[in-house]
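**Q** Take a look at this one; I'll ask things after.
The values are calculated or read from the model by the stated rules, or taken from the named source; none is laboratory data. What you see is a predicted model, and the numbers here were worked out from it, not measured in a lab. Here the Cβ is made from the backbone with ideal geometry for all residues, glycine too, and neighbour counts use every protein chain on show.
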Amino acid sequence: MLTKQNAEWFETPLGQHLLFLEQRYFDNAVSDVFGFNAVQVGLPHIDFLRNSRIPLRVTCETEGADVRADPMFLPFECQSLDLLLLPHVLEFSANPHQVLREAERVLRPEGRLILAGFNPRSLWGLARRLQGSERGFPWNGSFLNISRVKDWMALLGLEVAAGSMCCYRPPINREHWLRRLRFMEPAGDRWWAMGGGVYFLQAVKRVQGMNIIQPQWTTPVAQRLLSPAAKVINLKHYRMRRER
């Protein structure tokens, strides 16, 4: 849920550091998704859809958004969205599984879901455990393991197509230290791939389709579908086998 405190946190050095990395990821991720309708749920003061080519782009949140609604009960028709973003929505929801159920409901078949979440198995997760939630956003959220989120997606028919991590630097809210520790980002991607403070997941809604029946070319029905030339070749082959 958006609050004044949440919005102000993104103006801090640490918040700006996180925003730069997340904006870069979403800019790249949404640029290759096509369709008609795209919705960003959560953090409506940040335009993560700015690089999308989809014509209709709206934000959704309990306040301060184009559409005001609870993420657990999205006011969109079933199978109506081509792209849905959930930036840090699950960890601040009373029922994150319900949020994913709603995401699956409103997405079209082959629609794309992109989410960002704070990783509890990281330096950010360690800072949250040591200092508690009294520090406010984002430490007052319930950081969810990426494996749990993937399991929920699989149960709902959301197939994970891509993933990434960022924010390997410790969550120090001082700009000069963040600059001095910038080497940890490429090093983390290489040596500590699952230790980023933030993870991204891209999933595609899969819908069970028809089973493709392969033709059996040796059946009489298949023989009737063959061209006359193919029938002559088959007949010569049959006679040669008889003569042997």
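**Q** Any residue at all in region 55-63 that's surrounded by 13 or more Cβ atoms within 10 Å (Cβ to Cβ), modelled with pLDDT under 95, out of contact with any helix residue (DSSP H, G or I) (no Cβ under 7 Å at 6 or more places or on another chain) and of a type in the set (Ser, Thr, Tyr)?
**A** Yes: region 55-63 contains one or more residues that are surrounded by 13 or more Cβ atoms within 10 Å (Cβ to Cβ), modelled with pLDDT under 95, out of contact with any helix residue (DSSP H, G or I) (no Cβ under 7 Å at 6 or more places or on another chain) and of a type in the set (Ser, Thr, Tyr).
**Q** Further, regarding this structure: Quick one: which strands (runs of 3 or more DSSP E) sit completely within region 46-138 and have at least 3 residues that are farther than 23 Å from Leu19 by Cα?
**A** 107-118
**Q** Answer yes or no: is there a residue in region 40-47 that is over 28 Å from Asn145 (Cβ atoms), out of contact with any strand residue (DSSP E or B) (no Cβ under 9 Å at 6 or more places or on another chain), charged (D, E, K, R) and surrounded by fewer than 18 Cβ atoms within 10 Å (Cβ to Cβ).
**A** The answer is no, given that none of the residues of region 40-47 is over 28 Å from Asn145 (Cβ atoms), out of contact with any strand residue (DSSP E or B) (no Cβ under 9 Å at 6 or more places or on another chain), charged (D, E, K, R) and surrounded by fewer than 18 Cβ atoms within 10 Å (Cβ to Cβ).
**Q** May I pose another question? If you check every pair at least six apart or on different chains, which have Cβ atoms under 9 Å apart with a residue in region 8-19 that is more than 21 Å from Met165 (Cβ to Cβ) first and a residue that is in a helix (DSSP H, G or I) second?
**A** The qualifying pairs are Glu8/Gly15.
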